[in-house]
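Reading through the structure tokens given below for one structure.
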Amino acid sequence: MSATADHAEERTNPAARLGFQPGQVVQELGYDDDTEQALREGIEAITGTELVDEEYDDLADAVVLWFREEDGDLTDALVDAISLVEDGSPIWLMTPKTGREGYVEASEIGEAAQTAGLQQTKPLNAGKDWTGSRLVTPKASRTGKG
């Protein structure tokens, strides 16, 4: 795909920059009426599968965690999310943007991620009201993988 086509897809599908691949199973946690519907639909369009919910009983390829300040302890939520994916898999933490109801301070996200043993990358725009932070579980020993 050309760079121009890549940029066109990013404009039409907000999930294009998140790195999802066809066939991946993405588990969604914290869904509510305020979640970014276009992003959810974009993930499903890329993966070709519907998002699975909290009831999914196998390891997912990635987790999308919608989290608001009033949702409780972020570290606990991240530790729970880690148990749902294989080592090295991404957890996309979606939090309301600055000034929106339920906003979570960047310092709180960083501290919770570090405490949970996750590595954080640069946040990105995940829609009109949400910011996404890609958190990655540490990779286990590479033996047996590949």
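The values are calculated or read from the model by the stated rules, or taken from the named source; none is laboratory data. This is a predicted model, so every value here is computed, not measured. Cβ placement follows ideal geometry from the backbone for every residue including glycine, while neighbour counts extend to all protein chains displayed. For accessibility, only protein heavy atoms count, side chains too; no ligands or nucleic acids. Shrake-Rupley method; radii C 1.70, N 1.55, O 1.52, S 1.80 Å.
A few notes on this one:
- For the stretch 101-113, a tally of residues being open to solvent by less than 20 Å² (accessible area, probe 1.4 Å) and at negative phi returns 4.
- Test for ASP58: is it open to solvent by less than 80 Å² (accessible area, probe 1.4 Å) and either more than 25 Å from GLY88 (Cα to Cα) or at pLDDT 95 or above (or both): no
- The stretch 1-44, subset closer than 16 Å to LYS128 by Cβ and hydroxyl-bearing (Ser, Thr, Tyr), residue modelled with the lowest pLDDT: THR12
- Of the set (1) at pLDDT 90 or above; (2) surrounded by 12 or more Cβ atoms within 10 Å (Cβ to Cβ), all apply to ALA126 but (1).
- Subset of the stretch 84-95 [open to solvent by less than 80 Å² (accessible area, probe 1.4 Å) and over 12 Å from the mean Cα position of the chain (by Cα)]: LEU84, GLY88
- Yes/no for VAL64 being part of a loop (DSSP other than H, G, I, E, B) and either more than 15 Å from TYR31 (Cβ to Cβ) or within 15 Å of the chain's Cα centre (by Cα) (or both): no
- Within the set GLU70, GLU50, GLU41, the sole residue that is exposed (fewer than 15 other Cβ atoms within 10 Å of the Cβ), over 13 Å from the mean Cα position of the chain (by Cα) and closer than 22 Å to ASN125 by Cβ turns out to be GLU41.
- Candidates THR98, THR35, filtered to the one that is outside any strand (DSSP E or B), more than 19 Å from VAL136 (Cβ to Cβ) and open to solvent by less than 30 Å² (accessible area, probe 1.4 Å): THR35
- Test set (1) surrounded by 13 or more Cβ atoms within 10 Å (Cβ to Cβ); (2) modelled with pLDDT under 95; (3) among the aliphatic types (A, V, I, L, M) - ALA140 fails condition number: (1)
- Exclusive hit being in contact (Cβ under 8 Å) with a residue 12 or more places away in the chain, farther than 27 Å from PRO22 by Cβ and among the β-branched types (Val, Ile, Thr), set THR131, THR115: THR115
- Qualifying residue in the stretch 119-141 (condition: of a type outside the set (Gly, Ala, Ser), assigned to a loop (DSSP other than H, G, I, E, B) and in contact with a helix residue (DSSP H, G or I) (Cβ under 6 Å, 6 or more places away or on another chain)): yes
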